[in-house]
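First comes the structure, then the notes that go with it.
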Amino acid sequence: MLLPHIRTDDHGHSVVDEIELKLMAPGGGAVQEGTYYRRIQALPQEVSHWQIGHALPGHFVDFTRPETSTFIAVFSGKMHLTVSNGEEVQLTRGDMMLAQDLSGQGHMTRFLGNEPCEYLLIGMPGGFK
């Protein structure tokens, strides 16, 4: 499964790309391409903490960096992120991403739309396995 990913490049800018969240078949085996599964899931991940957030439309957070690799899941509303090179990512209900821009300028966050944004932040030292 590919997810949006914010990271710091070799020049200290935050950039947007994609990162793979590896999935496993029932029983822990590798997912085989072309095989139908009723259920697959991600490998177990190490986490340090989690936090639920609520932000009203129009709220703005200037450039900041996460303290550790952070998994973001949006439950409602719209979260708009802009990285230091100008690229943008918009997350809405059901979207997930990994923020790993731990150095450099970081990213800006704006909350858009007509409803509050409810989201989950999960600290993941080392990122995805």
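Which members of region 17-33 meet the condition of being in a loop (DSSP other than H, G, I, E, B), without any contact (Cβ under 8 Å) to a residue 24 or more places away in the chain and not β-branched (Val, Ile, Thr)?
Scanning region 17-33 gives 25, 29, 32, 33.
Checking the conditions here, which among 43, 98 is in contact with a helix residue (DSSP H, G or I) (Cβ under 9 Å, 6 or more places away or on another chain) and within 18 Å of residue 126 (Cα to Cα)?
Testing whether each residue is in contact with a helix residue (DSSP H, G or I) (Cβ under 9 Å, 6 or more places away or on another chain) and within 18 Å of residue 126 (Cα to Cα) leaves just 43.
For residue 58, indicate whether it is part of a loop (DSSP other than H, G, I, E, B) and at pLDDT 95 or above.
It is true that residue 58 is part of a loop (DSSP other than H, G, I, E, B) and at pLDDT 95 or above.
A quick yes/no check of all residues on (1) assigned to a loop (DSSP other than H, G, I, E, B); (2) touching a residue at least 60 places away in the same chain (Cβ under 8 Å); (3) not aromatic (Phe, Trp, Tyr):
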| residue | (1), (2), (3) |
| --- | --- |
| 3 | no, yes, yes |
| 12 | yes, yes, yes |
| 35 | yes, no, yes |
| 68 | yes, no, yes |
| 71 | no, no, no |
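Of all residues in region 103-122, how many are in contact (Cβ under 8 Å) with a residue 60 or more places away in the chain and within 16 Å of residue 4 (Cα to Cα)?
Result for region 103-122: 6.
Output the number of the condition that residue 105 fails; it satisfies all remaining conditions of (1) farther than 19 Å from residue 19 by Cα; (2) not in a loop (DSSP other than H, G, I, E, B).
(2)
Of the numbered conditions (1) over 18 Å from residue 126 (Cβ atoms); (2) charged (D, E, K, R); (3) modelled with pLDDT of 95 or more, residue 33 fails exactly one; give the number of that condition.
(3)
Please go through region 72-112 and give me each residue that is of a type in the set (Phe, Trp, Tyr) and within 17 Å of residue 50 (Cβ to Cβ), ordered by number.
75
Can you tell me which of (1) among the β-branched types (Val, Ile, Thr); (2) within 14 Å of residue 128 (Cα to Cα); (3) over 15 Å from the mean Cα position of the chain (by Cα) is the one residue 31 doesn't meet?
The single condition residue 31 does not satisfy is (2).
The values are calculated or read from the model by the stated rules, or taken from the named source; none is laboratory data. Bear in mind that the values here come from a model prediction, so they are computed numbers and not experimental data. For neighbour counting, all protein chains shown are included, and Cβ atoms are generated from backbone atoms with ideal geometry for every residue, glycine included.
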